[in-house]
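The values are calculated or read from the model by the stated rules, or taken from the named source; none is laboratory data. None of the values given here were measured: they were computed from a predicted structure. FYI the Cβ positions are ideal-geometry reconstructions off the backbone, even for glycines, and counts take in every protein chain you see. What goes into the accessible areas is simple: the full protein's heavy atoms, side chains included, and nothing from ligands, DNA or RNA. Shrake-Rupley method; radii C 1.70, N 1.55, O 1.52, S 1.80 Å.
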Amino acid sequence: MTTTATQVEHTQTQTDARPLLLEVQDLKVEFTIRGGVVKAVDGLTFDIKRGQTMGIIGESGCGKSVTARAILRMIPKPGKITGGRILYYRRPRHPKPGEEDKVEVIDVTKLDPDGEVIRQIRGGEIAMIFQEPMSSLTPVYTAGTHINEAVTLHRLLPIKKLGDQMVERIMEYRRVTKEEARAIAIEMLRRVGIPKPEQRVDSYPHQLSGGQRQRVMIAIALSTEPAMLIADEPTTALDVSIEAQILDLMRDLQRTTNMAIMFITHNLGVIASMADEIVVMYMGKQVERAKVVDLFYNPKHPYTKALLQSVPRLGPKTGQRLASIEGMVPDPLNLPTGCVFHPRCPAFVAGKCDKIVPKWTQVGENHWVRCLLYEE
Amino acid sequence: MSSTTTKNGRIGDILLEVKGLKKYFPIQRGLLRRTVGYVKAVDDVSLYVRSGETLGLVGESGCGKTTASRCIIRLYEPTAGQVFFKTRALSPDGTPKMVNLLELSREEMNRVRQEIAMIFQDPINSLNPRMTVADIIAEPMVIHGKYVKGESEERIIELLRRVGLRPDHLRRYPHEFSGGQRQRIGIARALALNPSLVLCDEPVSALDVSIQAQTLNLLQDLQEEFKLSYIFVAHDLSVVQHISDRVAVMYVGKVVEMAGAEELYNNPMHPYTEALLSAVPKPDPLYKSDRIIMQGDVADPSNPPSGCYFHPRCQYAVDLCKQKAPEFREVKPDHWVACHRAEELKLRGI
Ligand SMILES: Nc1ncnc2c1ncn2[C@@H]1O[C@H](COP(=O)(O)OP(=O)(O)OP(=O)(O)O)[C@@H](O)[C@H]1O
Ligand SMILES: Nc1ncnc2c1ncn2[C@@H]1O[C@H](COP(=O)(O)OP(=O)(O)OP(=O)(O)O)[C@@H](O)[C@H]1O
Ligand code: SF4
Ligand code: SF4
Ligand SMILES: [Mg+2]
Ligand SMILES: [Mg+2]
């Protein structure tokens, strides 16, 4: 089988604390449907470093899940990647001595979506927690079977040997056994807060509550100790106390394994406590990117500002209606001219915003925005 | 216009009263599918909802909220209990009468079902993938013989508009929508028959905050307009506080606290409620959480602890808590709680 991947091999020289893991460059994903072409992702650019948590927020339907799926080449039909690159900086998961710093750059968009390389990456190196847990669990398999499968496929255990200097060195790896996989499954279920994991490991998806299914998904994703976790609304079905426990678990794994996280959510409370940096999307494009504190304390884009105002906050009950963004999400087949947000924008400038397409403009250190108000 | 007067004017008599509701799922093992035990998914739930009122229902994931909702409309047959509901569908002239839903025949229950709608937790599985959006929303009308050509089509378009979708979405299929868009299709469908009670099982969890705000506003508008009652299951406690008149908190199959929303958030009287409130994430990256970390394992509904189910994780537990299950009692007017130490503890609200 031939793969068309551009595989550039090189060794990183400087030992940066946070080497690159993933670079998305000008990504475009389109769905051709009866009425025309939906540009679900339209020129998205961002990167994620090892050990970093990148938050992605934005209106429902703005392309967050499609972006996540593009990274794993799992876009549903009739969707297609029509432009851009997704560079994955791959390091050997089980490095042989001397190969610890080897980095191989793979353009995921060039891979065969059913090929060997992407299947190794998927699940093992980049794991994903899907937005709808029920549809990604197989109804006829128990929770344990799901985890076993991921673990036996992707996780290898080191065989430690005493090396020259009497230090333990990892020389070889072996696959985990069935019993070990089951033990890992039970342990993971326990860590995600499932009661009686020794029993629940044999439950079928329909026997679990919504939140338990979501936690099984999380357990599957984390069981392989991936280099990157894509978490698409991972805690929506969980109560706040288990949610906090799971977020702690993710942070823990991040600390110990230097896992990168791409965290997609509508919950601004959760993203505020998880993300280092945030990308705000609107209609397939990024409209703002900033460090988490800057985004919450100094938002620039009118859409980001409106988003932050629509959150209900705990506190004395006012009986007031929530602020919400006027108008509807535009028809993707019939996008507004100029700035796509202009029909709903409170800061809209007639004659300008409806004519000129705003450019990606830097407004501060690591702070970027796409809005004409900030263009010279 | 003061909001309190509209609120009081809005809320009427009791519409739904659930008493001692239980649902046990058998655990089966082996080739002969022998029953070796029961998951006590709902284990003595009592609550009530007045007409025009919203009762928020919160609690640990897996504590039985969905199962309880499903029992109310008999999508599951409860193991025990009573569900009284004021229905107009059973009298020829439409006068309301209180009936125990669990005693109705299949045919009677089907008639009552048009008055109770349900919005589901999992938007993708609750929408038929082979039906267009128009058909999905029309289906309840068709089933109950209420579909009128022309008129109903207009209503569907209006419903769609109200949940923030466009008329050109009508001919599309569910898989062509994002998660949040699908949930709005479910809401439009639930409202199609003008129900009096809507069981909302996490209706806004999948929505972004802006659509969520629109949807909450919409649910509130519809409530005022049609005197709708909601049972509103959600995990986002800020959302629950915003939308609810009263809130019930569940833990392992039981309601452990129920009070007015304001009262419950300011003066929680059950330690589990206190722990939940302390864990709410705040939309502020500089906020340092001081959540109460509950010790011990999440309780197992097939083998719950003795006495108070919360005792292995409760920082205030005393010996009595291990021995005796606390009674669910009204400690203050309209403030119900199941904790032995409710009066003496000074718990932290928000
Ligand atoms: N299978 C499909 N066929 C056609 N269009 C699709 C399909 N899947 C997604 N889309 C379209 O692509 C766009 C982006 O969808 P996506 O699922 O990425 O949104 P999202 O940002 O994840 O939204 P949400 O927050 O609601 O989950 C939407 O407009 C959607 O209608
Ligand atoms: N069909 C079933 N068979 C066996 N057990 C079940 C079944 N359905 C639910 N359960 C169990 O009953 C308990 C309550 O489940 P339920 O779905 O009502 O919880 P929930 O409060 O809605 O949780 P969540 O917030 O996660 O949706 C859980 O422990 C679940 O595993
Ligand atoms: S470019 Fe104009 S319409 Fe677009 S966000 Fe900025 S102010 Fe609003
Ligand atoms: S009864 Fe005892 S264990 Fe239960 S909540 Fe009250 S103090 Fe805690
Ligand atoms: Mg999505
Ligand atoms: Mg549920």
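Listed cross-link partners B:40/B:322; A:196/B:322; B:288/B:322 are compared with a 23 Å cut-off, the Cα-Cα value being larger for B:288/B:322.
Summing charges over neighbours of residue B:21, with a neighbour being any other residue whose Cβ is under 15 Å away from its Cβ, gives +3 when K and R count +1 and D and E count -1.
Probing with 1.4 Å while keeping every protein chain in the model, the per residue accessible area of the protein assembly as shown equals 43 Å². Once both labels are positioned 7 Å from their Cα atoms along Cα-to-Cβ, the gap between residue B:319 and residue A:356 label points is 7.9 nm. Under 5 Å between amide hydrogens, built in the peptide plane, is the criterion, and for residue B:59 it picks out B:250 among residues at least 5 positions away or on other chains. Modelled spin-label separation between residue B:284 and residue A:180, with each label point placed 7 Å from Cα along the Cα-to-Cβ direction: 4.8 nm. This model, with +1 at the C-beta of Lys and Arg and -1 at the C-beta of Asp and Glu, gives the protein assembly as shown a dipole about its Cα centre of some 820 debye.
The residue list B:209, B:117, B:94 was ranked by how far each Cα lies along the charge dipole of segment B:74-218 toward its positive end, using unit charges on Cβ atoms, and B:94 comes out on top. For every other residue with a beta carbon closer than 12 angstrom to the beta carbon of residue A:83, add +1 if it is Lys or Arg and -1 if Asp or Glu, then tell me the sum. Local charge sum for residue A:83: +1. The accessible-area loss of segment B:297-317 on complex formation, taken against its chain alone with a 1.4 Å probe, reaches 10 Å² or more at B:297, B:298, B:300, B:301, B:302, B:303. The amide H of residue A:287, built 1.01 Å from its N in the peptide plane, has A:280, A:281, A:282 as neighbours under 5 Å, considering only residues 5 or more places off or on other chains.
From the alpha carbon centroid of segment B:78-121 to that of segment B:274-346 is 34 Å.
Packing-wise, with mean Cβ within 10 Å as the measure, how do B:219-225, A:184-190, A:285-291 rank, highest first?
A:285-291, A:184-190, B:219-225
Of all DSSP beta bridges confined to the protein assembly as shown, the antiparallel ones make up roughly 70%. Counting Lys and Arg as +1 and Asp and Glu as -1, what is the net charge of the other residues whose Cβ lies under 11 Å from the Cβ of residue B:300? Cβ neighbours under 11 Å give a net charge of +1. A cut-off of 5 Å between modelled amide H atoms, ignoring neighbours fewer than 5 places along the same chain, links residue A:53 with A:261, A:276, A:277. Give a quick list of trypsin sites (Lys or Arg not before Pro) in segment B:181-283 that DSSP marks as loop, anything other than H, G, I, E or B, with at most 16 other Cβ atoms within 10 Å. Sites meeting the loop and neighbour criteria: B:227. Please say if chain B is rounded, prolate or oblate, where rounded means a/c under 1.5 for a ≥ b ≥ c the square roots of the C-alpha gyration tensor eigenvalues, and otherwise the choice is prolate for a/b larger than b/c and oblate otherwise? In terms of gyration-tensor shape, prolate. In a simple Cβ point-charge model (Lys, Arg +1; Asp, Glu -1; nothing else charged), chain B has a dipole of about 740 debye relative to its Cα centre. Globularity index of segment B:213-350 is 1.14 (Cα radius of gyration / 2.2 N^0.38 Å, N = number of residues). Computed from the alpha carbon positions, the gyration tensor of segment B:1-139 leads to an equivalent ellipsoid with semi-axes of 29, 21, 18 Å, biggest first.
Per residue of B:163-176, other chain Cβ atoms within 10 Å of the residue Cβ number 2 on average. Pairing chain B with chain A buries about 5300 Å² of accessible area. This figure sums both sides and uses a 1.4 Å probe. Checking the table A:28/A:352; A:80/A:285; A:110/A:285; A:49/A:291; A:64/A:355; A:300/A:352 against a 20 Å threshold on Cα-Cα, which pairs fail? Pairs exceeding 20 Å: A:28/A:352; A:110/A:285; A:64/A:355. For a paramagnetic label modelled at 7 Å from the Cα of residue B:135 toward its Cβ, which residues of segment B:156-173 fall within the zone defined by backbone nitrogen distances under 14 Å? Of the residues in segment B:156-173, B:170-173 have backbone N under 14 Å from the label point off residue B:135.
Does segment A:175-264 classify as rounded, prolate or oblate by the C-alpha gyration tensor (a ≥ b ≥ c root eigenvalues; a/c under 1.5 gives rounded; else a/b over b/c gives prolate, otherwise oblate)?
Oblate, because a/c is 1.5 or more while a/b does not exceed b/c.
Listed values for segment B:76-89 are Karplus-derived 3J(HN,Hα) couplings in whole Hz (6.51 cos²θ - 1.76 cosθ + 1.60, θ = phi - 60°), namely 10, 7, x, 6, 7, x, 9, 10, 8, 9, 8, 10, 9, 6, and x replaces Gly and Pro. With a ≥ b ≥ c the root eigenvalues of the C-alpha gyration tensor of the protein assembly as shown, is it rounded (a/c under 1.5), prolate (a/b larger than b/c) or oblate? Oblate, because a/c is 1.5 or more while a/b does not exceed b/c.
Segment A:49-93 and segment A:235-304 have their alpha-carbon centroids 16 Å apart.
Calculated mean residue ellipticity at 222 nm for the protein assembly as shown: -8000 deg cm²/dmol, from DSSP H runs with n ≥ 4 weighted as -39500 (n - 2.57), summed, divided by the residue count and rounded to 500. The 3J(HN,Hα) values that the Karplus relation (6.51, -1.76, 1.60; θ = phi - 60°) gives for segment B:316-326 are, in residue order, 9, 4, 10, 3, 3, 4, 6, 8, 10, 6, x Hz. Gly and Pro appear as x. Inter-chain Cβ neighbour count for A:209-216, averaged per residue, equals 5 (cutoff 10 Å, partner chain atoms only). Each residue of segment A:58-63 was assigned a 3J(HN,Hα) from its phi angle through the Karplus curve 6.51 cos²θ - 1.76 cosθ + 1.60 (θ = phi - 60°); the sequence is x, 3, 4, x, 7, x Hz, with glycine and proline shown as x.
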